[in-house]
Structures are given as structure tokens and as C-alpha cells.
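Asker: Dumping the structure here so I can ask a few things about it.
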Amino acid sequence: MNNNIEKSFSLALERYSDLGVDANRALKILSTIPISLHCWQGDDVGGFENFGGTLGGGLVATGNYPGKARTPDELRADLEKAYSLIPGKHRLNLHAFYGEFGGKKVDRDEITPEHFKNWISWAKKNGLGLDFNPTCFSHPKSADGFTLSHADKSIRKFWIEHCIRSREIGAAMGKALGKTCVTNVWIPDGMKDTPADRNGPRARLAESLDAIFKKAISPKLNLDAVEPKLFGIGSESFVVGSHEFYLGYAVSRKKLLCLDAGHYHPTEGIADKISSVMQYLPEILLHVSRGVRWDSDHVVILNDDLLAIAREIVANGFEKRVLIGLDYFDASINRVAAWTIGTRNMLRALLIALLETPLIRTAEAAGDFTTRLALQEEAKSLPFGAVWDFYCESQGVPVGDHWLAEVKSYEKTVLSKRN
Ligand code: RNT
Ligand code: ZN
């Protein structure tokens, strides 16, 4: 181990211990928290189907940085690079249209675990857990903006079948890997302008969801999540699956609620929602993202919003009950770097929260709000960087910005050869 890193760590350890905080314990907890990396950052939410769909559902990935993954093998290679730069053991979040269809046109209502066998064996080899999502966008049958809540029964049926198959694929992944898969349903359904009927689509959505979840699947293999949203591009005036809709659905049907950081009013964070919904739900899923003025899915940075989310997880001991996934897609920078930056930030936020929580909680419990505020502010300049560097070094991943040199060299030798 690098001598300076160790020296700085032992000084930091002492500093924290003087404050009654065990930094080694914080690192132990951190090492048990998996982050689910979203495969779709690697190719701008493109997928590997063979019928040339374009990105739909109001999702937009802007930028044309060269080198995006064009095949499953390229995407896996890029992911391996990213995982090698991130401390800890993590997960991969796959979307249904990333299946391997062998050049055939396999429609969404025809997908099976077979189409994901390479992903599963790759995940096994790399010790990764898998999560899954039905892809209810970028398809002719979602082109008019409706899927599970469509007025046309045959279209609803098509998407119900897709979601049923997605859960089965999730269960197959959970079984093969011995790690529970979370299958998250997000649909784009909504309207650009003011609808006359908001109730009809919502009633149909509830009915479709009930049909999808009818078959019981062991929660050891697969857990179902539903993801609300306030508005989207093209669904500014009405989103069928709103927050209230899915909160009620998740509580009454015992499903996980997925809170996406970009899915609320621009000044509304998800951190404060966590302990509220956790009163009624055993587990929830997060889509950690960063909206800039709108749900723009910028790369997650270490800002106050992220710290607030991490604090809510850690301070309440929700590490096992709040499952963390990332959801952003920036096509304007190196995509391996985008994964690395966002995931390392998520982990750093958790570490900072782990290191400061004991301190601040004690003051609050004693009713001493002066001390709480003083310590909250002092915590901002405590040497968490030394603890983070030590963690990276001890997990065998690059310390500080050294990961960037590896991304640059990967870009030179691999990514720049694509196109
Ligand atoms: C869209 C949702 C959804 C998607 C992914 C690709 O607003 O956030 O989670 O980003 O399924
Ligand atoms: Zn999301």
C-alpha cells in the first residue's frame, strides 16, 4: 500500500475517533452496499434489437461523443472497465431491449431468459447481481404515447405480455445468480396537452399492472418495482403513472416504489420522501439521477441533493431496504467515465454520510440543536477524502483522479477504434 495514503488514513482515523466516529466501521458498511449501474449509459439508451427503433418515450440522450457500445460484447467490455475503477461489488441494471437476439426480429412480447443467457453467465463470472426493466418505449406500439394504459385492448395486451416475460426473466436472473433481481416497470404513458379523461387511463393502468403481477414469483428471485414521474417530454400535461398513483399502488399491492431523483418538480428532492414512504413499504428502489432545470439525466455529481439522499439511507439504517440504482445518460462525454464518476460519487456520498451520522445524531438526540448545526458544518471539512482514498487503494482500484488515465487509455486503444 502507498505510504502516504496509509499515513493520511491513520491521521483521519484518529481525527474521527476523537469525535467518536469509527471510520473502519464506516468502510465495512460501505463495502456491503451495492450500486446498480444502468447499462443504458453505455449506448445512449439504444438497445440491441434488430428492428431499428429510435429512442422514444420522451427520453433524450444529447451529445455525440464517439465510441458508444454497438454490441453486447462492447457494452460488457466497457462495463468491465468501469467496474474495475469503482471500489466494491456492484450490480448491473439491464433493459429488455439489451437482449441478444442473434440477428432475428424478436418482438417485445416474445423475449425469454434465453435471450439473456450471455448476460447472466457474464454476471456470474464477474460476481455481479442483475436487475431488469421491461422496455415500454422506442417501439411502434408505444409511438402514440400509451402502453399499459392504452385505450386499445390489444395494445395493452402486448405490453402486459412484455412485462410478464420481463418478470420471468428477472426471476431467471435471480435464480441463476443467487441474488434477487429487481424488475422495475416504467412506462411513458401520458399526454402533451390537457386531457379530458385522466381517470380512464389510470384505471386501465391499475388493471394492466394487476394482470402483470398476478402470478406470484418468489421474492427471493425477483422483486417488482413501479416508477412514477411528474412529466416528460411530450407528456407535459399528464402522466398516467404519477407519484400518487404508484404510491397507492405500491402500498396496496406490496410492490417496491422507485423514486427517481429527476421525476419531481425541479426544486423537489427525493431525500425527504424516503423515510415517509418507508413507513409503509418494506423496500424501495432509487433511480439516482441529476436533473438540470428538467429531468435531464445529467451524470450524478457530489452535490447537496446526493448527500441528502445518502444521509437518509445511512442515518436511518436503510442500507438493506433502500436499493440504489443509477439512472442518467450523457452522450456528450466518455461513457465509461460517466459511469465511473456517477458511481464513485454515489459511494463517496454514502461514505460521507456514514462518517458524519454518529456525530450529528448524538447532538440531536440530546436536544442540542446548536451543536447539531455546528457539527453539521464542521463535518464538511473533516478528512473523508483520506478515508475514501484508503478505501479505493484497499479495494484495488485507482486512487483519486488516477482512474481517468485508465479511461483515457481505454478510449485510445478501444473506444476510438469504433465508428
Ligand atoms: C424515465 C425513467 C426510466 C428510464 C429508464 C431508461 O423517465 O427514469 O427509469 O430512464 O428506464
Ligand atoms: Zn428512472
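Asker: Does HIS95 satisfy being modelled with pLDDT of 95 or more, more than 20 Å from TRP159 (Cα to Cα) and within 16 Å of ligand 2 (Cβ to nearest atom)?
Answerer: It is false that HIS95 is modelled with pLDDT of 95 or more, more than 20 Å from TRP159 (Cα to Cα) and within 16 Å of ligand 2 (Cβ to nearest atom).
Asker: If you don't mind, there's one more thing I want to ask. On the given criteria, is SER237 more than 12 Å from ligand 2 (Cβ to nearest atom) and of a type outside the set (A, V, I, L, M, F, W, C)?
Answerer: yes
Asker: Here's another thing I want to ask about it. Kindly list the number of the only condition in (1) without any contact (Cβ under 8 Å) to a residue 60 or more places away in the chain; (2) more than 16 Å from ligand 1 (Cβ to nearest atom); (3) in contact with a Lys or Arg (Cβ under 6 Å, 6 or more places away or on another chain); (4) not basic (Lys, Arg) that fails for SER208.
Answerer: (1)
Asker: Another question about this same structure. ALA96 - would you say it is closer than 13 Å to HIS38 by Cα and out of contact with any Asp or Glu (no Cβ under 8 Å at 6 or more places or on another chain)?
Answerer: yes
Asker: Can I ask one more? Tell me yes or no: at least one residue of the range 264-280 is assigned to a helix (DSSP H, G or I) and within 16 Å of ligand 1 (Cβ to nearest atom).
Answerer: Yes: one or more hits.
Asker: Restricting attention to the range 266-295, which residues are within 18 Å of TRP186 (Cα to Cα) and away from ligand 2 (no atom under 16 Å from the Cβ)?
Answerer: Result: GLU283, single match.
Asker: For the range 324-332, state whether one or more residues are on the phi < 0 side of the Ramachandran plot and away from ligand 1 (no atom under 16 Å from the Cβ).
Answerer: Checked against the condition, which is being on the phi < 0 side of the Ramachandran plot and away from ligand 1 (no atom under 16 Å from the Cβ), the range 324-332 yields at least one hit.
Asker: Could you list, in sequence order, the residues of the range 389-405 that are assigned to a helix (DSSP H, G or I) and under 16 Å from THR343 (Cα atoms)?
Answerer: Hits for the range 389-405 are ASP389, TYR391, CYS392, HIS402, TRP403, LEU404.
Asker: Right, here's the next one. Quick check, is TYR328 within 21 Å of LYS229 (Cα to Cα) and surrounded by fewer than 19 Cβ atoms within 10 Å (Cβ to Cβ)?
Answerer: Criteria not met by TYR328.
Asker: Hey, among ALA151, ALA172, which residue is away from ligand 2 (no atom under 16 Å from the Cβ) and surrounded by 16 or more Cβ atoms within 10 Å (Cβ to Cβ)?
Answerer: Criteria check complete, one pass: ALA172.
Yes/no per residue for (1) under 26 Å from the mean Cα position of the chain (by Cα); (2) at pLDDT 95 or above; (3) under 28 Å from ILE169 (Cβ atoms):
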{"residue": "LYS192", "(1), (2), (3)": "no, yes, no"}
{"residue": "PRO195", "(1), (2), (3)": "no, yes, no"}
{"residue": "ASN199", "(1), (2), (3)": "no, yes, no"}
{"residue": "ARG204", "(1), (2), (3)": "no, yes, yes"}
{"residue": "ALA216", "(1), (2), (3)": "yes, yes, yes"}
{"residue": "ASN222", "(1), (2), (3)": "yes, yes, yes"}
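Asker: State all residues of the range 281-305 that are surrounded by fewer than 19 Cβ atoms within 10 Å (Cβ to Cβ) and in a strand (DSSP E or B); if no residue qualifies, say none.
Answerer: HIS298
Asker: Same structure again: Any idea which of ILE233, ILE301, ILE284 is within 15 Å of ligand 1 (Cβ to nearest atom) and closer than 29 Å to ARG372 by Cβ?
Answerer: ILE284
The values are calculated or read from the model by the stated rules, or taken from the named source; none is laboratory data. All of these numbers come straight from a predicted model, not from anything done at the bench. Backbone-built Cβ (ideal geometry, glycine too); neighbour counts: all protein chains shown.
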